[in-house]
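Here's the structure we're looking at; comments come further down.
The values are calculated or read from the model by the stated rules, or taken from the named source; none is laboratory data. Because the structure is a prediction, the values reported are computed rather than measured. For neighbour counting, all protein chains shown are included, and Cβ atoms are generated from backbone atoms with ideal geometry for every residue, glycine included.
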Amino acid sequence: MVHPDGTGQRVLLTLQRDDSLKVSPVWSPDSKDVLLNKVRDEDKSTMDLYLLDIATQKLTKKFANVPPVYAWAVEKLAH
């Protein structure tokens with residue numbers, strides 16, 4: 001990760017050699033989290049989904065063996 005002006009560069013996550021991210025990471029609308037699609041079964045195109053909290057750099061597994069996620073949707077409640 002790096003600021004638009006090129007400063008503040010830092011590594012958010014180091015992957016293992018056998019980790020495969022065939023789908024681009026999906027940023028949350030507020031840029032506080034990023035969703036990672038880690039290949040689970042390449043033949044079935046299923047993923048394990050992980051959420052990375054940018055502030056704490058905590059990686060949490062959210063779902064296993066599911067289809068990939070390509071976008072982040074936010075629900076807006078009517079008042």
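Which condition from (1) at negative phi; (2) of a type outside the set (F, W, Y); (3) part of a strand (DSSP E or B) is the one that T56 breaks?
With (1) at negative phi; (2) of a type outside the set (F, W, Y); (3) part of a strand (DSSP E or B) applied to T56, the lone miss is (3).
Give the residues of the stretch 25-79 that are of a type in the set (D, E) and modelled with pLDDT under 90, sorted by residue number. Before you say what the answer is, go through the steps one by one.
If we filter the stretch 25-79 for residues that are of a type in the set (D, E), which is where we start, we get 30, 33, 41-43, 48, 53, 75.
Within the stretch 25-79, D41, E42, D43, E75 qualify.
Would you pick out the residues in the stretch 44-72 that are surrounded by 11 or more Cβ atoms within 10 Å (Cβ to Cβ) and basic (K, R)?
Listed by number, the residues that qualify are K61, K62.
Examine the stretch 34-43 for a residue that is surrounded by 13 or more Cβ atoms within 10 Å (Cβ to Cβ), touching a Lys or Arg at 6+ places or on another chain (Cβ under 6 Å) and in a strand (DSSP E or B), and state whether such a residue exists. It would help to see each step written out before you state the result.
Residues of the stretch 34-43 surrounded by 13 or more Cβ atoms within 10 Å (Cβ to Cβ): 34-40.
Among the residues that remain, those that are also touching a Lys or Arg at 6+ places or on another chain (Cβ under 6 Å) are: 39.
Among the residues that remain, those that are also in a strand (DSSP E or B) are: 39.
Within the stretch 34-43 (the criterion being surrounded by 13 or more Cβ atoms within 10 Å (Cβ to Cβ), touching a Lys or Arg at 6+ places or on another chain (Cβ under 6 Å) and in a strand (DSSP E or B)), the answer is yes, since at least one residue qualifies.
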